[in-house]
Amino acid sequence: MPNTLNAKPKKYSELPAADKAADVMAWLEEHKASDVEKIDLTGRGSFTDIMIVATANSVRHAQSLANGVNQLCGEKNYEFLRMDGYNVGQWIIVDCNDFVVNVFLKETRELYKLEALWSVPQSREELMAMAEHAGDARED
């Protein structure tokens, strides 16, 4: 009897999220995005594994970066779900399922401080280590 439960080939790239994010971050830097940062959210929430934050010089630059990420996803066969904030261009979110790209104008990025929001410790041990590190920094 033939096996009728053959698995379908994956529709999208099977690269780990970290590798995809590294590709996208390099592309953003090549295209003049500034302060490109990666925030690892593995185990912190169910909406994504990695968040990338980048700053654009203008609305037009932000839109161009978002378009470029979308195009890169198509070329590399990375999953692309949606884009939000494109028309206003102050904060554009490109949702690629296992990673999310946030393209900000400088003033908007400073207002929302996304990196600070996600730097909350995951455990008591991490909190204690952060407090110890802060105490060491004050003594210097």
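Quick check on Arg82: is it surrounded by fewer than 13 Cβ atoms within 10 Å (Cβ to Cβ), closer than 26 Å to Ser34 by Cβ and modelled with pLDDT of 95 or more?
Details: surrounded by fewer than 13 Cβ atoms within 10 Å (Cβ to Cβ): yes; closer than 26 Å to Ser34 by Cβ: yes; modelled with pLDDT of 95 or more: yes.
So Arg82 passes the test.
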Find the residue count for region 38-69, including only residues that are surrounded by 14 or more Cβ atoms within 10 Å (Cβ to Cβ) and assigned to a strand (DSSP E or B).
9
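The values are calculated or read from the model by the stated rules, or taken from the named source; none is laboratory data. Not measured: the values here are computed from a predicted model. Every residue, glycine as well, gets a Cβ built from its backbone with ideal geometry; the counts of neighbours run over all protein chains shown.
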